[in-house]
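Below is one structure, written out as structure tokens; the observations come after it.
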Amino acid sequence: MANERIGIRSGTLAAWTAAVTTPGTEFEIRNRELIYVEDLQEILVGDGVNDFSGLSRDRTISGTLDADSLIVQHKVAFNNALPETLTEGQMSWNPDEGTVEIGLNGGDVVLQIGQEQVYYVKNQTGETILNGTVVMAAGTLGNSGRILITKAIADGTFASKYIIGIVTEDILDGEDGYVTSFGKVRGIDTSAFLDGDILYADPAVPGGLTKVHPVAPNLKVSVAIVIKADPTNGTLFVRPTFAGNLNELTDVEIIGVTDRDVLRYNATNSRFERHDIYADITSEAILYAIALG
């Protein structure tokens with residue numbers, strides 16, 4: 001088959017506006033004819049009724065657009081009247097949250113652009129980790145790019161820096177899923193709390209939440225605030241805030257802490273270090289005894 005070309009009439013907006021293009025005239029725009037507006041980089045379609053000024057410039061597409069690539073010259077406008085129920089790979093405008101959202105892998109999690117941050121992780125704990133569970137990093141899975149997670153242990157056994165957020169969907173053992181580190185987690189039981197409560201990683205319950213401020217040596221990690229207290233449709237806003245250990249401060253170096261130790265500044269090393277005050281007292285007592293003879 002020989003190659004064929006389709007010619008499209010083109011001109012500037014001013015030229016098209018000045019031309020007499022009504023049906024029946026020399027320069028009429030015929031039904032289904034394509035014309036190109038050079039300075040606007042737009043293609044319009046004739047309807048056999050209107051001249052140039054009356055042609056619709058609405059680019060609304062109903063149904064499915066199947067294309068290997070699509071270039072949008074100016075903007076994409078979403079229907080913002082009602083929220084959509086999204087599945088994996090879909091995008092829409094969410095009028096309740098005031099932003100665009102995307103359906104993520106698996107179809108159970110929707111990401112509100114600019115308002116949420118999530119990790120894509122793997123569960124290999126041997127059990128399902130439920131939506132609303134506080135989790136911590138437990139390692140990585142080689143070349144998969146996944147962080148392995150487990151229920152957060154907040155009794156001081158592990159440093160607070162391992163806590164990464166709250167699971168935002170049920171993640172079966174051996175499966176991948178999402179953890180929210182910033183943003184809303186919905187559809188969980190928050191009936192034990194009140195709207196506005198600040199919640200901490202629970203030292204007594206791995207993966208749990210408590211509104212009771214933990215005491216040392218338990219971790220003091222404020223994980224979320226209660227947006228909606230409800231037994232089934234509760235909502236949390238997640239933003240883990242960590243209170244690190246003393247030894248994690250940049251000007252402190254502590255090794256082998258024991259009873260009676262205090263911090264003492266070492267000007268030579270430009271840092272605070274562990275110091276056994278009892279040893280000083282003992283040394284001074286010995287010197288005093290020697291001085292007395």
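Read the figures in this text as sums done on the coordinates, not as results from a lab. Keep in mind the model is a prediction, meaning the values are calculated, not measured. A quick note on method: Cβ atoms are made from the backbone with ideal geometry, for glycine too, and the neighbour counts reach across all protein chains shown.
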Neighbourhood charge, 11 Å Cβ-Cβ cut-off, centred on Thr168 and excluding it, Lys, Arg +1 and Asp, Glu -1: -2
Note, ³J(HN,Hα) from phi for region 126-135, Karplus 6.51, -1.76, 1.60, rounded to Hz, x at Gly and Pro: x, 8, 6, 9, 7, 3, x, 8, 6, 10
Cβ-based exposure ranking for Trp93, Trp16, in which fewest neighbours within 10 Å come first: Trp93, Trp16
Cα gyration tensor, the chain - rounded (a/c under 1.5), prolate or oblate: prolate
Rounded to whole Hz, the Karplus (6.51, -1.76, 1.60) HN-Hα couplings of region 260-270, x for glycine and proline: 6, 6, 10, 8, 9, 6, 10, 5, 5, 8, 6
Karplus 3J(HN,Hα) series, Hz, for region 88-95 with 6.51 cos²θ - 1.76 cosθ + 1.60 (x for Gly, Pro): 3, x, 9, 9, 7, 8, 10, x
C-alpha long axis of helix 277-292 to longest principal axis of the chain, angle in °: 30
Cut-off under 5 Å, modelled amide H: who pairs with Asp47 long-range: Arg32
Mean ellipticity per residue at 222 nm, deg cm²/dmol - from DSSP H runs of n ≥ 4 across the chain, formula -39500 (n - 2.57): -2500 deg cm²/dmol
Two-site FRET efficiency, Val215 against Ser144, from Cβ-Cβ distance with R₀ of 41 Å, rounded to 0.05: 0.60
Partners for Lys122 among aspartates and glutamates (Cα-Cα distance below 15 Å; same-chain residues under 8 apart left out): Glu169, Asp170, Asp173, Glu175, Asp176
Ranked packing of 231-243, 42-54, most packed first, by mean Cβ within 10 Å: 231-243, 42-54
Cut-off under 5 Å, modelled amide H: who pairs with Ala224 long-range: Leu199, Arg239
Phe182 long-range amide H proximity, modeled H, under 5 Å: Gln117
Dimensionless Rg over Rh [region 80-211; C-alpha; Kirkwood]: 0.99
Anchor Lys220: lysines whose Cα lies under 17 Å away (excluding residues fewer than 8 positions away in-chain): Lys151, Lys161, Lys211
Scattering profile of region 149-209 at q = 0.20, 0.25, 0.29 Å⁻¹ [log10 I(q)/I(0), Debye over alpha-carbon scatterers]: -0.92, -1.32, -1.43
Region 9-54, relative contact order [Cα under 8 Å, separation at least 6], %: 40
